[in-house]
Amino acid sequence: MAELARDRGLVLFTQDQAETDRLVSVLSEARGQLEILVKGARRLECPWGAALDILNLSEIIYYRRRLGLHLLREASVLQAFPAIKKDLARLEIGLAVACWARDLVPREIPDPRPFRLTLSFLWALEGGAEPVVLLRAYRLRLLSLLGYRPVLHGCLSCGAKGELTWSPERGGLLCRSCGGTGEEVPPRIWRAMEALLRLPLVALSRLRLPERDLVLIDALTQEFRTAQVAR
């Protein structure tokens with residue numbers, strides 16, 4: 001028998017199903033990521049269609065089922081983040097945040113931390129914080145929260161601060177004396193990545209990184225995600 005449940009959640013993704021239904025991925029506060037089927041969501045008379053727009057924070061009431069998809073009973077918008085959605089650059093960053101959350105946050109694992117982290121970054125984005133810096137910080141912090149924190153304070157083996165290379169399979173920075181190979185990671189890069197991980201959100205708005213550094217941080221973060229999450 002299905003259990004009726006209530007939760008808050010961020011809409012991460014939607015996909016049309018059958019003729020009028022829609023599948024919705026929600027990052028919930030109480031139960032991790034949920035997959036919920038919304039019957040008749042694409043009909044004009046559907047009363048909660050707006051509540052299921054991507055990036056909305058909504059209250060959802062749904063039937064939890066042990067087998068098959070959960071079924072939505074009703075939903076209402078708590079916050080639509082209008083400043084994000086009317087600015088193309090901010091919307092692009094918001095959607096990238098949603099994509100990372102959908103790909104990485106486990107389904108049906110009760111843990112409020114991914115929800116709270118993602119919501120705090122969307123609030124910061126809504127409030128005018130620097131979007132490109134926020135995205136890089138969010139990616140590193142989500143990985144860290146899920147147990148994949150990279151070692152950035154020095155060599156992960158001996159603690160040395162010099163001749164540091166990137167070893168995503170080992171978990172972060174590795175000096176050449178400990179077996180590090182490839183190009184060295186400049187100190188300004190790993191220090192910037194440390195700052196992205198530890199600075200308060202309000203301080204991130206004051207962090208200015210050149211485009212070339214952002215590109216390199218993106219590459220290192222993606223390599224780390226691929227190596228660690230795929231294990």
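Please treat every number below as a calculation from the coordinates, not as lab data. Because the structure is a prediction, the values reported are computed rather than measured. Neighbour counts run over all protein chains shown; Cβ positions are idealised from the backbone, glycine included.
For this structure, a couple of remarks:
- In order along segment 198-204, phi translates into HN-Hα couplings of 10, 5, x, 4, 5, 6, 4 Hz, rounded to whole numbers, per the Karplus curve 6.51 cos²θ - 1.76 cosθ + 1.60 with θ = phi - 60° and x for Gly and Pro.
- Build a GNM of the chain with springs between Cα atoms under 10 Å apart, and of Pro210, Pro186, Pro114 the one that fluctuates most is Pro210.
- Centre separation in Å (Cα based) which lies between segment 51-74 and segment 113-142: 23 Å
- Residue with peak Gaussian network fluctuation, the chain [Cα springs, cutoff 10 Å], from Arg191, Arg22, Arg65: Arg65
- Set of aspartates and glutamates near Lys39 by C-alpha distance (under 19 Å), chain-local residues within fewer than 8 positions excluded: Glu3, Asp7, Asp16, Glu19, Asp21, Asp53, Glu59, Glu74
- A Stokes-Einstein calculation at 25 °C with viscosity 0.890 mPa s, built on the Kirkwood radius of segment 140-231 over Cα pairs, returns a diffusion coefficient of 183 µm²/s.
- Within the chain, the ratio Rg/Rh, alpha carbon atoms throughout and Rh by Kirkwood, equals 1.04.
- Packing-based ranking of 133-140, 173-180, 222-229 yields 133-140, 173-180, 222-229, ordered from highest to lowest mean Cβ neighbour count within 10 Å.
- Long-range amide H partners of Thr165 with built H, under 5 Å: Leu174, Cys175, Arg176, Val185
- Taking Lys and Arg as +1 and Asp and Glu as -1, the other residues whose beta-carbon sits under 14 Å from that of Leu78 total -4.
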